[in-house]
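The values are calculated or read from the model by the stated rules, or taken from the named source; none is laboratory data. Remember, it's a predicted structure, so these values are computed and weren't measured experimentally. Cβ: placed from backbone, ideal geometry, glycine included. Neighbour counts: every protein chain shown. With ligands, DNA and RNA removed, areas are computed over all heavy atoms of the protein, side chains included. Shrake-Rupley method; radii C 1.70, N 1.55, O 1.52, S 1.80 Å.
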Amino acid sequence: MQILAPLSVFRAHPALVWQVAKRDVLGRYRGSTFGLLWALVTPFLVLTVYTIAFGYVMGSRWPHTENSKAGFAMILYVGLIVHGFFAECLTRAPTLVAGNPNYVKRVVFPLDVLPWALVAGALFHELLNVLVFAVVYSVLVGLPPATIVYFPIVLLPLAVLCTGVAWLMACLGVYFRDINHVTGVLAMAMLFLSSAIVPEDAIPIQYRWLIEINPLTFIIDQARNVALWGITPDWLGLGLYLFAATASMYAGFAIFHATRPGFADVL
């Protein structure tokens, strides 16, 4: 496998990646009354539900908030948008190939485009979520810290990891159709076993390792540092994370291409 093989699709089919991602995003809202506006409305609704449930009903508190409901909502929202990006890639990847049998059987289509288009579409929604965060934060708290410009850099290693996950789940979804039922549960577990909703210090020490090994925890913590508290990223930590994520991406790519010859027979 060539060293730049996972990226070769951008050299060979850059417009196709864009068109597939665009079709996927627009197709999700086709036929709805508000159309693409739902991409902005949904984050507000999710934030409201979780804030009411954890901030008011369950009375959850977070360090740095001084019992401020607005501060708690912003901390919660950053965790949710990071998790939402990962969850979208994880839960939709199994149907990338299995849900498009015509791409495998009847036309010559570069299947490598599909995982990249999925991640691109998820990044689009992530951008809208960050925009919503900036607006809500400005209204409730004030202008976000200048370090928020590092947010895309913090998200980059996770995007690389999600690409590897997408390749792996796309091929597994062809051979094991039941995996669709597993990814939703796994995404929920990744949410509640991370620092997205509950601060790590609030977890009993004997169970804290479950939070620490979650690949979302580090990114969520770094995202909060740059978006909320004006702390520059942990460059060494991000570098190590990117290295591990790149290795995972190449592993997912290799498995995808090793199993690809059997797609047509299964579908």
**OP:** Give me the angle, in degrees from 0 to 90, between the Cα long axis of helix 113-140 and the longest principal axis of the Cα atoms of the chain, rounded to the nearest 10.
**Re:** 20 degrees
Original post:
What angle do you read, to the nearest 10 degrees and between 0 and 90, between the alpha-carbon axis of helix 215-227 and the longest principal axis of the chain?
Top reply: 50 degrees
Original post:
Between [x] 73, 68, 30; [y] 59, 46, 35; [z] 48, 41, 41, which matches Cα extents along the principal axes in Å calculated for the structure shown?
Top reply: [y]
Original post:
If you take the beta carbon distance between Ile52 and Gln206 as r and set R0 to 41 Å, what does 1/(1 + (r/R0)^6) give as a FRET efficiency, to the nearest 0.05?
Top reply: 0.85
Subject >> Projected label distance in nm at Ile3 and Phe109, using a 7 Å step from Cα toward the beta-carbon >> reply: 3.3 nm
**OP:** With a 1.4 Å probe and every protein chain kept in, tell me what percent of the accessible surface of the stretch 124-186 is carbon plus sulfur.
**Re:** 78 percent
Original post:
Any idea what angle helix 69-92 forms with the longest principal axis of the chain, computed on alpha-carbon atoms, 0 to 90 degrees, nearest 10?
Top reply: 10 degrees
Original post:
Taking the chain as a Gaussian network, where each spring joins two C-alpha atoms under 10 Å apart, which residue of Leu123, Leu161, Leu131 fluctuates the most?
Top reply: Leu131
Original post:
Anyone know which of Ile220, Ile211, Ile52 comes out most mobile in the 10 Å Cα GNM of the chain?
Top reply: Ile52
Subject >> Cut-off 19 Å (backbone N to label point 7 Å along Cα→Cβ of Ser32), residues of the stretch 125-163 >> reply: 125-133
**OP:** Return one whole number: the accessible area per residue of the chain in Å², for a 1.4 Å probe.
**Re:** 50 Å²
Original post:
So if R0 is 41 Å, what FRET efficiency would Ile255 and Leu40 give, r being the distance between their Cβ atoms, rounded to the nearest 0.05?
Top reply: 0.70
Subject >> For the chain, calculated [θ]222 nm from helices alone, where every DSSP H run of n ≥ 4 adds -39500 (n - 2.57) >> reply: -22000 deg cm²/dmol
**OP:** Select from Ala258, Thr183, Ala245 the residue farthest towards the positive end of the dipole of the chain; place +1 on Cβ of Lys and Arg, -1 on Cβ of Asp and Glu, and compute about the Cα centre.
**Re:** Ala258
